[in-house]
Amino acid sequence: MPVVVNGARIGSVEIVAEPRDEIAEVWSNTVALGAVAFSVNVAVIGILYVLFGRVLDPLTGVARGLADLERRNYRVRLPRPQAQELAAITDRFNALAQALDALRGENEALNHRLITAQDDERRRTALELHDEVGPNLFGLKANATSIATAAAELEGQAARKMTERVRDILAIIEELQTINRSMLNRLRPMALGHVPLRDVLCELVRDRARQHPQIDFSVCADNLMRSYGDSIDLTIYRCLQESLTNVIRHAQAKHVAIELGEAMSEPNANANGTSQLTLTVRDDGCGIDPMAAPGFGLSGMQERAQALGGSCKVDSATGCGTSVRIVIPLHETRS
């Protein structure tokens, strides 16, 4: 730009721009605005997190409650939130859990009555076989033995034929007596309720060991009461019997370990720890095919355990053996 003094130009001035100052000023303002925006966003996000957390916390409780229902814990109940919309969902959930709990109780009572009726029928049938069929077979055997004794005193071809026929009759009677004893044992062990439970179970295991000497059986059943009542004793006996049968038929195992004893259940939010009877049968066999449908034996064990308020759990993997765990809660009214 020219410099003029008294109408005469005496020189010029050159003005050169310096952008760094302006850039620094703009950058300073941008940083300040960014810091303010960041602080405001963090504050807003924190406020929204707290607000939405408090609002959605009942939904998280509902999710936990649904997970409990999936695990068949029908005694779970949710606290009622202040929001009316969520309170309605919670009320419906509690009503559903209460209805499922009532239905489970009814099903357990029905299963218990059904199994009790079946056991009573088996008991009556076993008594009839023991009191009616057994003496009649003994009488037939005694008469056949008497005929054999009389035929031995005779001479001739007819006497020899009679002796052979009587021998055949005695063999048939022996077979019928064996079948009758086997049916009695399958229907209801006569020693159950008269002999300590541990002795009855050990005898069952020893019988299987004699029949299948290629399998090693071990039993650990200490600190047991003499009896836990007819229903529990028979359930434990049947479950052990079915488990051993499955091992012998399908597992191809070399060793079977049986453990039976009392233990305390772990306390939870809905109940304190209670005493329970636990039966575990482990084998080192081929395991259960995960794609195979459960058989009638496992279903029967589950029904018996659930009828007494217990559970039946089967853990198995192909080639890694099988573990069957029966848990039955014990009440104060034990025999």
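The residue that is farthest from R167 (Cα to Cα), counting only those in segment 109-145 that are open to solvent by less than 70 Å² (accessible area, probe 1.4 Å) and among the polar types (S, T, N, Q), is N111.
Every test in (1) under 29 Å from S227 (Cβ atoms); (2) surrounded by 14 or more Cβ atoms within 10 Å (Cβ to Cβ); (3) not acidic (D, E) is passed by A148 save one, and that test is (1).
If you go through segment 81-91 one residue at a time, do you hit one that is closer than 29 Å to A307 by Cβ and within 37 Å of the chain's Cα centre (by Cα)? Within segment 81-91, not a single residue is closer than 29 Å to A307 by Cβ and within 37 Å of the chain's Cα centre (by Cα).
Let's see how each residue does on (1) closer than 30 Å to R80 by Cα; (2) of a type in the set (D, E, K, R):
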residue	(1), (2)
A8	no, no
I23	no, no
S28	no, no
L33	no, no
A37	no, no
V42	no, no
L51	yes, no
R54	yes, yes
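For segment 219-247, the set of residues classified as open to solvent by 40 Å² or more (accessible area, probe 1.4 Å) and of a type in the set (S, T, Y) consists of S231 only. Close Cβ contacts (under 6 Å, 6 or more residues apart or on different chains) running from residues in segment 74-95 that are in contact (Cβ under 8 Å) with a residue 40 or more places away in the chain and farther than 11 Å from V62 by Cα to residues that are open to solvent by 40 Å² or more (accessible area, probe 1.4 Å) and not acidic (D, E) comprise R75/N270.
Residues that are open to solvent by less than 100 Å² (accessible area, probe 1.4 Å), over 30 Å from L100 (Cβ atoms), over 46 Å from the mean Cα position of the chain (by Cα) and of a type in the set (G, A, S) do not occur anywhere in segment 46-55.
The requirement of being more than 25 Å from I179 (Cα to Cα), at pLDDT 80 or above, part of a loop (DSSP other than H, G, I, E, B) and open to solvent by 50 Å² or more (accessible area, probe 1.4 Å) is satisfied by R80. Screening L224, L234, L279 for residues that are touching a strand residue (DSSP E or B) at 6+ places or on another chain (Cβ under 8 Å), farther than 17 Å from G321 by Cβ and either at pLDDT 90 or above or in a loop (DSSP other than H, G, I, E, B) (or both) leaves exactly one candidate, L224. State all residues of segment 96-128 that are aliphatic (A, V, I, L, M) and either farther than 30 Å from L187 by Cα or touching a residue at least 12 places away in the same chain (Cβ under 8 Å) (or both); if no residue qualifies, say none. Residues satisfying the conditions are L96, A97, A99, L100, A102, L103, L114, I115, A126. Here the condition is being at pLDDT below 90 and part of a helix (DSSP H, G or I); of I10, I89, I15, it holds for I89 alone. Are any of the residues in segment 64-75 open to solvent by 100 Å² or more (accessible area, probe 1.4 Å) and over 30 Å from G310 (Cβ atoms)? Checked against the condition, which is being open to solvent by 100 Å² or more (accessible area, probe 1.4 Å) and over 30 Å from G310 (Cβ atoms), segment 64-75 yields no hits at all.
Table: residues versus (1) at pLDDT 80 or above; (2) more than 21 Å from H250 (Cβ to Cβ); (3) open to solvent by 40 Å² or more (accessible area, probe 1.4 Å); (4) not aliphatic (A, V, I, L, M).
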site	(1), (2), (3), (4)
N272	no, yes, yes, yes
D284	yes, no, yes, yes
I288	no, no, yes, no
M291	no, no, yes, no
P294	no, no, yes, yes
Q302	yes, no, yes, yes
A305	yes, no, no, no
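Cβ-Cβ contacts under 8 Å between residues 6 or more apart (or on different chains), taken from a first residue in segment 170-198 that is closer than 25 Å to A117 by Cβ and modelled with pLDDT under 80 to a second residue that is hydroxyl-bearing (S, T, Y) and assigned to a helix (DSSP H, G or I), are listed as L187/T125; P189/Y237; L192/Y237.
Checked against the criterion of being on the phi > 0 side of the Ramachandran plot, over 26 Å from the mean Cα position of the chain (by Cα) and not β-branched (V, I, T), the candidates G139, G156, G134 yield just one match: G156. Filter segment 17-44 for residues that are open to solvent by 80 Å² or more (accessible area, probe 1.4 Å) and of a type in the set (G, A, S) and give the result. Within segment 17-44, A17 is the sole residue that qualifies. Looking at N180, N94, N143, just one residue is touching a Gly at 6+ places or on another chain (Cβ under 7 Å) and more than 24 Å from I232 (Cβ to Cβ), and that residue is N180.
If A95 passes every condition in (1) farther than 30 Å from G310 by Cα; (2) of a type in the set (A, V, I, L, M); (3) open to solvent by less than 60 Å² (accessible area, probe 1.4 Å) but one, which one does it miss? For A95, the exception is condition (1).
The values are calculated or read from the model by the stated rules, or taken from the named source; none is laboratory data. These figures come from a predicted structure and were not determined experimentally. All Cβ positions, even for glycine, are placed from backbone atoms using ideal geometry, and neighbour counts span all protein chains on display. These area figures cover heavy atoms from the full protein model, side chains too; ligands, DNA and RNA do not enter into them. Shrake-Rupley method; radii C 1.70, N 1.55, O 1.52, S 1.80 Å.
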